[in-house]
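Participant: I have a structure here, written as C-alpha coordinates, and I will follow up with some questions on it.
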Amino acid sequence: MKIGVSTACLYPDETETALRQLCEIGINNFEIFFNADCELHGEIYEEIKRIIRDSNSNVISVHPYTSAVETMSLFGNYQRRYMDIMEVYKRYFEIMNELGAKIFVLHGALKSAECSEELYFERYSALYSSGHSFGVTVAQENVNYCKSGSLEFLRNMKKQLGDGCKFVLDVKQAIRSGIDPFDILNALGNSIVHCHLSDNTAERDCVAVGKGRFAFKKFADILKKTDYKGDIVLELYKNGFKELNELKESVRYMEGFF
(Lines give C-alpha, C1' and ligand atoms only; values in the text may rest on other atoms or scores of the structure.)
Protein backbone atom coordinates (compact mmCIF):
# COMPACT_ATOMS: atom_id res chain seq x y z
CA MET A 1 0.00 0.00 0.00
CA LYS A 2 1.31 3.43 -0.99
CA ILE A 3 0.50 6.59 0.96
CA GLY A 4 0.39 9.58 -1.38
CA VAL A 5 -0.66 13.21 -1.68
CA SER A 6 -2.95 14.86 -4.23
CA THR A 7 -1.55 17.81 -6.15
CA ALA A 8 -5.01 19.32 -5.51
CA CYS A 9 -3.79 20.12 -1.99
CA LEU A 10 -1.89 23.06 -3.48
CA TYR A 11 -4.62 24.29 -5.86
CA PRO A 12 -4.64 26.83 -7.49
CA ASP A 13 -0.87 26.41 -7.94
CA GLU A 14 -0.20 25.10 -11.44
CA THR A 15 -0.06 21.33 -11.53
CA GLU A 16 3.63 20.98 -12.35
CA THR A 17 4.49 23.59 -9.71
CA ALA A 18 2.48 21.72 -7.07
CA LEU A 19 4.15 18.47 -8.07
CA ARG A 20 7.62 19.99 -7.84
CA GLN A 21 6.95 21.51 -4.41
CA LEU A 22 5.68 18.21 -3.04
CA CYS A 23 8.71 16.37 -4.38
CA GLU A 24 10.97 18.92 -2.67
CA ILE A 25 9.56 18.02 0.77
CA GLY A 26 10.11 14.31 0.18
CA ILE A 27 6.71 13.16 -1.11
CA ASN A 28 7.04 10.58 -3.88
CA ASN A 29 3.56 9.07 -4.29
CA PHE A 30 0.90 11.18 -5.98
CA GLU A 31 -2.58 11.62 -7.26
CA ILE A 32 -2.34 14.14 -10.08
CA PHE A 33 -5.28 16.46 -10.49
CA PHE A 34 -5.02 17.80 -14.04
CA ASN A 35 -6.48 21.31 -14.17
CA ALA A 36 -6.38 22.29 -17.85
CA ASP A 37 -6.30 20.73 -21.29
CA CYS A 38 -2.81 22.11 -21.96
CA GLU A 39 -1.49 19.87 -19.18
CA LEU A 40 -2.48 16.75 -21.11
CA HIS A 41 -0.02 17.21 -23.96
CA GLY A 42 2.90 19.28 -25.18
CA GLU A 43 5.50 21.11 -23.12
CA ILE A 44 3.63 21.18 -19.83
CA TYR A 45 2.82 17.47 -19.93
CA GLU A 46 6.47 16.70 -20.76
CA GLU A 47 7.51 18.77 -17.73
CA ILE A 48 5.15 16.78 -15.50
CA LYS A 49 6.70 13.56 -16.81
CA ARG A 50 10.21 14.93 -16.20
CA ILE A 51 9.42 15.79 -12.60
CA ILE A 52 8.01 12.31 -11.98
CA ARG A 53 10.97 10.62 -13.66
CA ASP A 54 13.71 12.73 -12.07
CA SER A 55 12.26 12.36 -8.56
CA ASN A 56 11.67 8.63 -9.02
CA SER A 57 8.06 9.17 -7.96
CA ASN A 58 4.91 7.09 -8.41
CA VAL A 59 1.61 8.29 -9.80
CA ILE A 60 -1.13 6.36 -8.05
CA SER A 61 -4.20 7.97 -9.56
CA VAL A 62 -5.51 10.72 -11.81
CA HIS A 63 -8.36 13.17 -11.35
CA PRO A 64 -9.78 14.99 -14.42
CA TYR A 65 -10.68 18.68 -14.38
CA THR A 66 -13.50 17.71 -16.73
CA SER A 67 -15.43 16.49 -13.67
CA ALA A 68 -17.10 19.89 -13.91
CA VAL A 69 -18.87 18.97 -17.16
CA GLU A 70 -19.70 15.32 -16.55
CA THR A 71 -23.35 16.14 -15.90
CA MET A 72 -23.94 17.54 -19.38
CA SER A 73 -21.46 15.37 -21.25
CA LEU A 74 -20.97 11.90 -19.81
CA PHE A 75 -24.44 11.75 -18.24
CA GLY A 76 -26.32 14.14 -20.50
CA ASN A 77 -28.80 13.50 -23.31
CA TYR A 78 -26.79 15.10 -26.13
CA GLN A 79 -25.10 12.21 -27.90
CA ARG A 80 -22.29 14.22 -29.49
CA ARG A 81 -21.10 15.52 -26.12
CA TYR A 82 -21.21 12.00 -24.72
CA MET A 83 -19.09 10.66 -27.58
CA ASP A 84 -16.66 13.57 -27.26
CA ILE A 85 -16.09 13.07 -23.53
CA MET A 86 -15.49 9.36 -24.04
CA GLU A 87 -12.66 10.28 -26.42
CA VAL A 88 -11.31 12.90 -23.99
CA TYR A 89 -11.17 10.28 -21.25
CA LYS A 90 -9.29 7.90 -23.53
CA ARG A 91 -6.55 10.54 -23.58
CA TYR A 92 -6.48 10.48 -19.78
CA PHE A 93 -6.21 6.69 -19.89
CA GLU A 94 -3.28 6.93 -22.31
CA ILE A 95 -1.57 9.36 -19.96
CA MET A 96 -2.19 7.04 -17.03
CA ASN A 97 -0.50 4.23 -18.94
CA GLU A 98 2.52 6.46 -19.50
CA LEU A 99 2.66 7.56 -15.86
CA GLY A 100 1.86 4.17 -14.34
CA ALA A 101 -1.39 5.31 -12.66
CA LYS A 102 -4.17 2.75 -12.19
CA ILE A 103 -7.13 4.63 -10.65
CA PHE A 104 -9.24 7.22 -12.49
CA VAL A 105 -11.41 9.24 -10.10
CA LEU A 106 -14.95 9.98 -11.29
CA HIS A 107 -17.26 12.58 -9.73
CA GLY A 108 -20.26 11.91 -11.95
CA ALA A 109 -23.52 13.81 -12.37
CA LEU A 110 -24.77 16.54 -10.07
CA LYS A 111 -27.67 15.77 -7.74
CA SER A 112 -29.90 18.03 -9.83
CA ALA A 113 -29.12 16.23 -13.10
CA GLU A 114 -32.05 14.78 -15.01
CA CYS A 115 -30.36 11.43 -15.36
CA SER A 116 -32.01 8.19 -14.31
CA GLU A 117 -30.04 5.60 -12.38
CA GLU A 118 -30.49 3.27 -15.34
CA LEU A 119 -28.80 5.73 -17.72
CA TYR A 120 -26.15 6.65 -15.15
CA PHE A 121 -25.13 3.04 -14.60
CA GLU A 122 -25.15 2.38 -18.35
CA ARG A 123 -22.81 5.33 -19.05
CA TYR A 124 -20.57 4.48 -16.11
CA SER A 125 -20.30 0.88 -17.37
CA ALA A 126 -19.24 2.11 -20.81
CA LEU A 127 -16.52 4.30 -19.27
CA TYR A 128 -15.47 1.52 -16.91
CA SER A 129 -15.06 -0.84 -19.88
CA SER A 130 -13.10 1.77 -21.81
CA GLY A 131 -10.77 2.25 -18.87
CA HIS A 132 -10.40 -1.49 -18.42
CA SER A 133 -9.14 -1.82 -22.00
CA PHE A 134 -6.25 0.46 -20.97
CA GLY A 135 -5.62 -1.36 -17.69
CA VAL A 136 -7.25 1.49 -15.76
CA THR A 137 -9.98 1.27 -13.11
CA VAL A 138 -12.64 3.98 -13.29
CA ALA A 139 -13.74 4.45 -9.68
CA GLN A 140 -16.82 6.36 -8.56
CA GLU A 141 -16.09 8.82 -5.75
CA ASN A 142 -18.68 9.80 -3.16
CA VAL A 143 -19.11 13.55 -3.72
CA ASN A 144 -21.40 15.68 -1.60
CA TYR A 145 -22.96 17.72 -4.44
CA CYS A 146 -23.27 14.78 -6.84
CA LYS A 147 -25.65 11.83 -7.03
CA SER A 148 -22.85 9.80 -5.49
CA GLY A 149 -23.27 11.85 -2.30
CA SER A 150 -26.17 9.53 -1.44
CA LEU A 151 -25.41 6.25 0.32
CA GLU A 152 -28.56 4.75 -1.20
CA PHE A 153 -27.28 5.65 -4.68
CA LEU A 154 -23.90 4.02 -3.97
CA ARG A 155 -25.59 0.89 -2.64
CA ASN A 156 -27.82 0.69 -5.73
CA MET A 157 -24.80 1.12 -7.99
CA LYS A 158 -22.98 -1.74 -6.29
CA LYS A 159 -26.10 -3.92 -6.38
CA GLN A 160 -26.81 -3.27 -10.06
CA LEU A 161 -23.26 -3.46 -11.41
CA GLY A 162 -21.62 -5.93 -9.04
CA ASP A 163 -17.99 -6.51 -9.93
CA GLY A 164 -18.38 -4.04 -12.82
CA CYS A 165 -17.99 -0.99 -10.59
CA LYS A 166 -15.42 0.27 -8.10
CA PHE A 167 -15.38 3.16 -5.66
CA VAL A 168 -13.25 5.90 -4.13
CA LEU A 169 -14.07 6.66 -0.50
CA ASP A 170 -13.52 10.32 0.35
CA VAL A 171 -13.82 10.99 4.08
CA LYS A 172 -14.41 14.76 3.94
CA GLN A 173 -17.04 14.39 1.23
CA ALA A 174 -18.87 11.79 3.32
CA ILE A 175 -18.92 14.20 6.27
CA ARG A 176 -20.21 17.00 4.05
CA SER A 177 -22.99 14.68 2.89
CA GLY A 178 -23.95 13.95 6.49
CA ILE A 179 -22.84 10.33 6.16
CA ASP A 180 -20.57 8.45 8.54
CA PRO A 181 -17.55 7.39 6.41
CA PHE A 182 -17.65 4.04 8.16
CA ASP A 183 -21.17 3.44 6.83
CA ILE A 184 -19.82 3.83 3.29
CA LEU A 185 -16.86 1.61 4.11
CA ASN A 186 -19.15 -1.12 5.45
CA ALA A 187 -21.70 -0.79 2.63
CA LEU A 188 -19.22 -0.94 -0.26
CA GLY A 189 -16.60 -3.23 1.29
CA ASN A 190 -14.08 -4.66 -1.14
CA SER A 191 -15.55 -2.62 -4.00
CA ILE A 192 -13.57 0.32 -2.61
CA VAL A 193 -10.24 0.49 -4.45
CA HIS A 194 -8.97 3.96 -3.48
CA CYS A 195 -9.27 6.32 -0.50
CA HIS A 196 -9.01 10.09 -0.08
CA LEU A 197 -8.26 10.73 3.57
CA SER A 198 -8.15 13.82 5.75
CA ASP A 199 -8.91 14.57 9.37
CA ASN A 200 -11.72 16.61 10.89
CA THR A 201 -12.78 18.42 14.03
CA ALA A 202 -16.13 19.49 15.45
CA GLU A 203 -15.69 22.84 13.70
CA ARG A 204 -13.97 21.86 10.43
CA ASP A 205 -14.58 18.94 8.10
CA CYS A 206 -11.11 18.91 6.52
CA VAL A 207 -7.85 19.40 8.42
CA ALA A 208 -4.37 17.90 8.34
CA VAL A 209 -4.15 14.29 9.48
CA GLY A 210 -3.40 13.85 13.17
CA LYS A 211 -4.93 17.22 14.07
CA GLY A 212 -8.51 16.03 14.39
CA ARG A 213 -10.69 13.25 15.70
CA PHE A 214 -10.97 10.76 12.83
CA ALA A 215 -10.46 7.14 13.92
CA PHE A 216 -7.61 6.13 11.62
CA LYS A 217 -6.80 2.91 13.47
CA LYS A 218 -10.40 1.74 13.22
CA PHE A 219 -10.45 2.68 9.54
CA ALA A 220 -7.20 0.80 8.88
CA ASP A 221 -8.44 -2.28 10.76
CA ILE A 222 -11.62 -2.44 8.66
CA LEU A 223 -9.64 -2.05 5.43
CA LYS A 224 -7.46 -4.99 6.44
CA LYS A 225 -10.52 -7.13 7.15
CA THR A 226 -11.93 -6.35 3.69
CA ASP A 227 -8.56 -7.25 2.12
CA TYR A 228 -8.15 -3.75 0.73
CA LYS A 229 -5.59 -3.67 -2.06
CA GLY A 230 -5.64 0.00 -2.98
CA ASP A 231 -3.61 2.99 -1.91
CA ILE A 232 -4.29 5.96 0.35
CA VAL A 233 -4.13 9.59 -0.82
CA LEU A 234 -4.10 12.66 1.39
CA GLU A 235 -6.45 15.23 -0.09
CA LEU A 236 -6.79 18.51 1.78
CA TYR A 237 -7.96 21.89 0.65
CA LYS A 238 -5.38 24.65 0.85
CA ASN A 239 -7.18 26.22 3.81
CA GLY A 240 -6.85 22.91 5.68
CA PHE A 241 -3.16 23.41 6.44
CA LYS A 242 -0.68 26.26 6.88
CA GLU A 243 2.70 24.84 5.87
CA LEU A 244 3.84 22.27 3.32
CA ASN A 245 5.48 20.20 6.03
CA GLU A 246 2.01 19.49 7.45
CA LEU A 247 1.38 17.39 4.34
CA LYS A 248 4.54 15.39 4.95
CA GLU A 249 3.65 14.99 8.62
CA SER A 250 0.18 13.77 7.61
CA VAL A 251 1.70 11.11 5.38
CA ARG A 252 4.03 9.95 8.16
CA TYR A 253 1.09 9.82 10.58
CA MET A 254 -0.93 7.63 8.21
CA GLU A 255 2.03 5.35 7.58
CA GLY A 256 1.77 4.39 11.25
CA PHE A 257 -1.68 2.89 10.64
CA PHE A 258 -1.57 1.57 7.10
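The values are calculated or read from the model by the stated rules, or taken from the named source; none is laboratory data. Everything numeric in this text was worked out from a predicted model, so none of it was measured. For neighbour counting, all protein chains shown are included, and Cβ atoms are generated from backbone atoms with ideal geometry for every residue, glycine included. Note: areas computed on protein heavy atoms with side chains; ligands, DNA, RNA excluded. Shrake-Rupley method; radii C 1.70, N 1.55, O 1.52, S 1.80 Å.
Participant: When the accessible area of the stretch 1-89 is split by element with a 1.4 Å probe, what percent falls to carbon and sulfur?
Facilitator: On the way: 1980 of 4090 Å².
With neighbouring chains kept in place, the figure for the stretch 1-89 is 48 percent.
Participant: Rounded to the nearest whole Å², what accessible area per residue is found for the chain with the 1.4 Å probe? It would help to have the intermediate numbers written out before the result.
Facilitator: Details: 11600 Å² over 258 residues.
On a per-residue basis, the chain sits at 45 Å².
Participant: Same structure again: GNM on the chain, C-alpha springs below 10 Å: top fluctuator among 91, 123, 204?
Facilitator: In this elastic network of the chain, the residue with the biggest mean-square fluctuation among 91, 123, 204 is 204.
Participant: Computing the accessible area with a 1.4 Å probe over protein heavy atoms, can you report the carbon and sulfur percentage for the stretch 131-252? Walk me through the numbers before you get to the answer.
Facilitator: On the way: 2380 of 5340 Å².
Carbon-and-sulfur percentage of accessible area, whole number: 45.
Participant: Here is the link list: 2/159; 147/229; 2/102; 211/238; 159/218; 166/224. Which ones come out longer than 19 Å on Cα distance?
Facilitator: Details: 2/159 29 Å; 147/229 26 Å; 2/102 12 Å; 211/238 15 Å; 159/218 26 Å; 166/224 17 Å.
Check vs 19 Å cut-off fails for 2/159; 147/229; 159/218.
Participant: Something else: When Lys and Arg each count +1 and Asp and Glu each count -1, what net charge do the other residues less than 15 Å away from residue 11, Cβ to Cβ, add up to? Intermediate values should be presented prior to the final figure.
Facilitator: Working: positive: 20, 172, 238; negative: 13, 14, 16, 31, 39, 235.
Net of charged neighbours comes to -3.
Participant: Using a Förster distance of 35 Å, how high is the FRET efficiency between residue 80 and residue 14, based on the Cβ-Cβ distance and rounded to 0.05? Display every interim value, and only then the final one.
Facilitator: Working: r = 31 Å, r/R0 = 0.89.
Efficiency at R0 = 35 Å is approximately 0.65.
Participant: Let me ask another. Is the stretch 73-142 best put as rounded, prolate or oblate by its Cα gyration tensor, with a ≥ b ≥ c the root eigenvalues, rounded for a/c under 1.5, and otherwise prolate when a/b is larger than b/c, oblate when not?
Facilitator: Working: a/c = 2.25, a/b = 1.68, b/c = 1.34.
Since a/c reaches 1.5 and a/b is larger than b/c, the shape of the stretch 73-142 is classed as prolate.
Participant: Which of these, 80, 176, 20, has the largest mean-square fluctuation under a Gaussian network model of the chain (Cα springs below 10 Å)?
Facilitator: Highest fluctuation among the options: 80.
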